[in-house]
Each structure stands twice: as structure tokens, then as C-alpha cells.
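The values are calculated or read from the model by the stated rules, or taken from the named source; none is laboratory data. Small disclaimer: the values here were computed from a predicted structure and weren't measured. Quick note on the areas: whole protein, heavy atoms, side chains included, nothing else; ligands and nucleic acids left out. Shrake-Rupley method; radii C 1.70, N 1.55, O 1.52, S 1.80 Å.
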Amino acid sequence: MAQRLEQTQAAVQTQQLSSLQVAVAKLVELPVTELATRVRDEMVDNAALEEKDSDAYPDSADNDNDLSSEADARSDADAEGEDGSLGPDGDDAASETDPDNSFEENEDYGTEADAMGDYFSADDVPDYLQQRAEEERDRREVPFSAQGSFYEDLQRQIGEQNLSEHEQQVMEYLIGSLDEDGFLRKDLDALVDELAIYHNITTTRPELEHLLSILQRFDPRGIGARSLQECLHIQLTDPDQQGPYTKLALAVVDKCFKDFVGRRWDVVKRRLNMDDETFDHVRHCLTHLNPRPGSALSESASAGAPTIVPDFYVRVSPDGDSLRVTLNNGDVPELRVSPAFRDSLQQYGGSKANLTREQRDAYTYARQKVDAAKSFINLLSRRKETLLSVMQCIADKQRDFFLSDDDEEQLHPLGLKDVAEKVGVDISTVSRVTNSKYVQTLYGTYPLKYFFSQQFTTTDGDELSARKVKAALRTLIEGEDKHHPLSDEVLAQRLKAQGYNVARRTVAKYRDMLGLPTARLRKE
């Protein structure tokens, strides 16, 4: 078949983001903790950026492009600070730094800022006021765990055993092979090969089984088990935890484990010939065992993690009728263009023709750094404006929630598209703003994703949040007869009777999301 070239025309619509939009998007998705690091890094890379310091030069209008009037710009900036007009960030700077407007330092938290503000310096503040202020700060801070890690505790228990140096090395490898539940999922033969190949340690399967039996006697009991059944068996054979119903509980684990896991209680009672009263004691014994003895491992890892830092604060006015949204600046410094760089531009800018080569290079370098500094400050201003606009829209949409003491039932259906259309930004921008960010109220701290949920239409035609359906579903399950729990089909019918028009598969999905088991597993 002969080949030939053809030329055609087609209309194709594409969307390209400018470099400015990309830069703003990258800053918008950063939470306040990461933004502080980003700003510090930018200050290191760009010498023309510096933190505002009232002891140095007065604040200047960073967006003033007329370098020949820098002196006038400085005086104008001082006037702006006095009359409370908007600063270069495009927002009321006083609202972010004024202690009277700060979320943490309002009357609801009762700080000592006002009391200590009457003194000239920290040295003049009485000791009792300083102590009270420190106690107030300590109450707000979540303490970090001072305890050793879970691995360190197991390592300590190795030293309590009469083991040779070789056995201690093998035992340490066994501990390092445990999963997050504290189970040893790896095959022992595979461990023998790993020790020989990667660590040049020669061992055998019998030796591993012997050391594993020692590890399984460590605290917490059940550590090193290779299955859930073995884990429960180890705990029930602990000589320090024996009781009148321990042997019967052990028989359930050893002989009726599948029925026990499936909560087929009638089968268990019949096979072991137990009456109802005895079985209630046995079941109590079984349900208080620890199926995840290694859970302390993940808890110790997260105990020292930093607390969640909110990116926004939402407060209700004293009259209880309006909301005020503020942005948490955290440790993010307030930036300005270095006066030294501005002065250099002013000095060389008026006589470019008479400059030497070195002076022209210095002028070019200073101009590049100043332009980059102004651009970055402008990006921070756009980020602040975008974040506040999105959070204000969320607060307006979920006004009833914030005014009703964070009542979950008052949340309305809300989607990313609704906020994007209201604010006038792309839906991807809203997604970036709401990702990994939190808002703090007087009643708790919530991720921004908490305020978004799909909507349902009731039999009366009213729109309601899916969160209300979940709350109604939880109420039905909590109030059911545990001897005859409600199936998903019956739950769907009960919800329809309340006006929630949902299908059975939707009920099953929401039940799973709430962490509630099926009717058979809820039966007692």
C-alpha cells in the first residue's frame, strides 16, 4: 500500500499553567509547619530577603517599583502602619500579629499576656507571673514521650536472659523481623538464609525455634507469635495470668478457634458443653486478650511525633452570631526586601552609563535578587489570600456547625466544586488548600477534609449530608438488640423510614467506614 502525507486542521483546547500559577500552587499546598521551612530555605538562598526588624529600617512598600523614591516609600510605609491600612501582603497585618486578635491569646484561653504587658522588660516581671505563664504554656503543649522505644524494651529483656553473644545476635535479628503487630510472619528457614547471606551468622532452624520460644515469654506476652491463634495461646498459658476460666478459654482457642473468630457462640458452647453463665466468663476472658501485642511499637513511634498545628482559627463572636477566620502564621517570618540591596540599586541605578564592569555586575546581581525577593513575597501574599478565601467560604457554608458548638449533625453537604465556584479558583486549588491542613475551634481541631461530604436527597426532597446518614446508621446499630442485630437490608429500611433514601449496598459501605462489623459478628 502506497504511503502519502496528508495535512489536516483540528481545533484542540488545552490548558497551560504559567510559572506563577505553578509557584503559587506549590506554596498553597504546604501546611504552616512546612511553609516555615520553605521560607527559611528561601532566605538562605536569596540574600535580598530578610525578616522584618523594627530596630533596623522602617517597613517599606515592597511592591514599589520606583527605586528612585525609596526614601519616600519608607515614610509611606510608616504611615500605613499607623492608620491600619493593608500592608504588602494584601491583608491586615495587624490582625495576624496583634495579641488581642490572636486565637490563643483571647479571653477564652486566659493568658497572662495582658498582665505582663505592663512591665518594661522580662526582668521586671514578677516571678509569680512568669511561673503562671509557663504553666499556661505547659498546659497547651502536648508532652513528648520520655519512655524508651518498644524495641529498646525488648533489647533490655535480652540482657535478662542467659544467652551467649551469638544467641543475642540472633535474638536481635528476630526482634528486628517482627511486624507492626508484633508477629513473626517470616518463615524460619528464610531467616536462616538471611542471617547467613547478609550478616554472616550461621544458625539452624532448631536454634531459631528455641530462641523464638524464649522471645515469646517476653513482655508483652504474645510477642513473636506466628499467628493470631498462637498469640492468644501464649497469653493464656502465661503462669502469671491464670484464673478459674483460663483453661476453658484456652480450649476455645485450641479446639474452636474458627468458631470463636466467627463469633459462632452457640457452636462453641455446644462443643465444649458450657452453660450460659460459664460461657459469659470465658468470653470475657477471651475478649480481653491482646490480639496485637506489638501495637505498643507503633504507639511509641508516634508518641514523640509533633502535635498537629492548625493552619486556621475559627472563632465565634461574643454575640454568637458571626464567625471570624484567621490564618496561623506559626513560625513563618514576615519578610521584606533587604534595605542594603535596595540602597545598592538606588545608588547604581541613576548612573548606569558611568559604572565600571564590577559595578554593573553588582547592579545586575542585586537587581536579580531583589526581583526574586519581591516575587517570593508576592507569592506568599497570594497564598495567604487564597487560603483565607477558601477557609472563609467553608466557614460560611458550614456556619451552623461552628455556631452550634461543633455539632456534627449541623454539617451541610459540601463539595470541592462548590467552594471553587464561590471563591473563583480552580477545583485543584481548593484540593491543595484542604489537603493536610487543619482548623482549630474552641471545641477541637479538624482536618479541612472533615467539612466535605456528598449529599443525599430525602424522601421529602431535602438535601442532607452523608455524614448525617452515617450518624443515623450508628444510632440504629448502637440501639439494636444485640441478640438479634439488624441486617443491612433492615437497616436500609429503617433509614428510609426516617427519610434517608439509601440503598443496602450504601448501608454496607457506610457501616464499613464506621468500623462496624456485619450483623452476624455483632450478635451476642
(request) Classify the stretch 394-448 as rounded, prolate or oblate from the Cα gyration tensor: take a ≥ b ≥ c as the square roots of its eigenvalues, call it rounded if a/c is under 1.5, otherwise prolate when a/b beats b/c and oblate if not. (result) oblate
(message) In Å², and per residue, what accessible area does the stretch 381-428 have when probed at 1.4 Å with the other protein chains present?
(response) 47
(request) Name the long-range amide H neighbours of Leu414: under 5 Å, sequence gap of 5 or more, or other chain; modelled H, no Pro or chain starts. (result) Ser453
(message) With a 1.4 Å probe and all protein chains left in place, how much of the accessible area of the stretch 376-438 comes from carbon and sulfur atoms, in whole percent?
(response) 38
(message) Tell me the accessible surface of Thr364 in square angstrom (1.4 angstrom probe, heavy atoms of protein chains only), to the nearest ten.
(response) 70
(message) For a quick check: with amide H placed at 1.01 Å from N, whose amide H comes under 5 Å from Leu49's, ignoring anything fewer than 5 positions away on the same chain?
(response) Ser338
(request) Might you work out the accessible area of Tyr245 for me, using a 1.4 Å probe with all protein chains in place, and round it to the nearest 10 Å²? (result) 80
(message) On a 28 Å Cα-Cα criterion, which of the cross-link pairs Lys186/Lys470; Lys255/Lys470; Lys437/Lys509; Lys422/Lys468; Lys26/Lys422; Lys255/Lys523 come out too long?
(response) Lys186/Lys470; Lys255/Lys470
(request) First compute the accessible area of the stretch 204-349 with a 1.4 Å probe, then give the percent of it belonging to carbon and sulfur atoms. (result) 49
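Dividing the alpha-carbon Rg of the stretch 150-270 by 2.2 N^0.38 Å yields what? Don't skip to the answer; put the middle values down first.
On the way: Rg = 16.6 Å, N = 121, 2.2 N^0.38 = 13.6 Å.
Here the Cα radius of gyration is 1.22 times the empirical estimate.
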